[in-house]
1. Connecting C-alpha atoms closer than 10 Å in a GNM of the chain, tell me which of 49, 13, 76 has the biggest fluctuation.
2. How compact and how long is the chain, expressed as Rg and Dmax of its alpha-carbon atoms in Å?
3. What is the calculated FRET efficiency for residue 27 to residue 54, with r their C-beta to C-beta distance and R₀ = 22 Å, to the nearest 0.05?
4. How far apart, in nm, are the 7 Å Cα→Cβ label points at residue 91 and residue 42?
5. Helix-derived [θ] at 222 nm for the chain: sum -39500 (n - 2.57) over DSSP H runs of at least 4, divide by residue count, nearest 500?
């Protein structure tokens, strides 16, 4: 069942994007999001797990395997089919929104930053 979701926050978008290549644990998600944004987005641990909980409730991610590393549980999250769809819709929405601004900037002779 495909759910219609409102726009994703920037953190949620990059969390989902981090999971495109396969399951990751929390620290892996944080590092992937940071790398994807050239260090601009740094997701705090509390923010990450709150977002993962909301994304899981919405059916966009699923918690998977868990392993113990250095005495601590490490849970892996994966993107669901609904999550892949939501991520694609959000990327399209952002591209369309950017086109409006970039098109006007070009018409006004202003180069995008």
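1. Of 49, 13, 76, the Gaussian network model singles out 49 as fluctuating most.
2. 16.3, 59
3. 0.70
4. Once both label points are built, they end up 2.8 nm from each other.
5. -17500 deg cm²/dmol
Only the coordinates and a few stated rules stand behind these numbers; no lab work does. Predicted, not measured: the structure shown is a model, and the values here were computed from it. Using ideal geometry, Cβ is built from the backbone for each residue, glycine included, and neighbour counts are taken over all protein chains shown.
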